[in-house]
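The values are calculated or read from the model by the stated rules, or taken from the named source; none is laboratory data. Treat the numbers as computed from the prediction; the structure is a model and nothing was measured. Here the Cβ is made from the backbone with ideal geometry for all residues, glycine too, and neighbour counts use every protein chain on show.
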Amino acid sequence: MSDLKFKRVLLKLSGEALMGDQAFGIDRAIVDKFAAEIGTLVDAGAELALVIGGGNIFRGVSVAAKGGNRVVGDHMGMLATVMNGLAMGEALSARGIETVVMSAIAMPEICETFTQRAALDHMNAGRVVIFVAGTGNPYFTTDSGAALRAAEMQCDALLKATQVDGIYSADPKTNPDAERFDRITHSEVIERGLAVMDTAAFAVTRENAIPIIVFSLHDETSMLDVLRGAGRYTLVSAKAE
Ligand code: UDP
């Protein structure tokens, strides 16, 4: 019997989480550390989907900020997420964890092309599915992609791994008076304009009643604790319990 409170989950990691101490790119040791932790979740009976951002390599807004073409920049950003997803897929496969990489933009020589049905089949067969290229559209982020895929995969929760242990009223690193929320609703996050994920991601998860769990990559709470409903995190749900 599984003791998981959240069994089918989508885990969103930012691209920056893969950098480690580097200023750019992918630190293989860090990717392998995540792969090991994901392995503990799979062993515990979790059904896992992954979305990894691309900020460690490229962000479209940085092109636009310098007067460049935003859409091309976003295409480059989406390609960055493909690189990260492939790196994670390899690390998981090397540990014997069955993994499939699916892209929102067709690149059949490199990975599978996303369709909801094929992705569900993979998840139902116990494979870890890594969704890359975000939503496949410019002007979106991988947070929106994560929310969309969490809905399409009928996930019990979206796990958002961050640098801090939950959602605060302001950045706790610069504002010592920031209030931390244990529980909060999707609507409150949107209304208060809290900078956790973009509004589109919150709107999709609210609409589909998918809880969001925000937790830190840097404290004692493990991903497994979170799936068991234990440890320190902020739970965003339809009703603040
Ligand atoms: N991106 C996009 N559409 C999407 C997802 C991502 O255009 O649906 C692009 C966008 O340029 C973004 C980049 O990919 O800046 C990397 O994604 P994101 O910023 O979400 O990565 P993270 O901050 O999570 O590392």
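Using the structure shown, decide if Lys5 is away from the ligand (no atom under 14 Å from the Cβ), closer than 19 Å to Gly231 by Cα, among the charged types (D, E, K, R) and touching a residue at least 24 places away in the same chain (Cβ under 8 Å). Yes; evaluated as a whole, the condition is true for this residue. Candidates are the residues of segment 208-241 that are in a helix (DSSP H, G or I) and in contact (Cβ under 8 Å) with a residue 12 or more places away in the chain; the one that is nearest to the chain's Cα centre (by Cα) is Met223.
For segment 48-64, a tally of residues being more than 6 Å from the ligand (Cβ to nearest atom) and outside any helix (DSSP H, G or I) returns 8. Can you say whether Arg70 is surrounded by fewer than 20 Cβ atoms within 10 Å (Cβ to Cβ), touching a Phe, Trp or Tyr at 6+ places or on another chain (Cβ under 8 Å) and charged (D, E, K, R), as far as the supplied structure shows? Yes: the conditions hold for Arg70. All of Met102, Met78, Met107 fail the test of being surrounded by 19 or more Cβ atoms within 10 Å (Cβ to Cβ) and more than 8 Å from the ligand (Cβ to nearest atom), apart from Met102. Tallying residues that are within 16 Å of the ligand (Cβ to nearest atom) and either modelled with pLDDT of 95 or more or surrounded by 14 or more Cβ atoms within 10 Å (Cβ to Cβ) (or both) within segment 17-47 yields 10. Quick check on segment 107-117. Is at least one of its residues free of Cβ contacts under 8 Å to residues at least 60 places away in the same chain and in a helix (DSSP H, G or I)? Yes - at least one qualifying residue is present in segment 107-117. Of these, Gly39, Gly68, which one is touching a helix residue (DSSP H, G or I) at 6+ places or on another chain (Cβ under 9 Å) and in a loop (DSSP other than H, G, I, E, B)? None of the other options fit; the residue is Gly68.
Once segment 120-173 is narrowed to residues that are part of a helix (DSSP H, G or I) and more than 16 Å from the ligand (Cβ to nearest atom), the residue that is surrounded by the fewest Cβ atoms within 10 Å (Cβ to Cβ) is Asn124.
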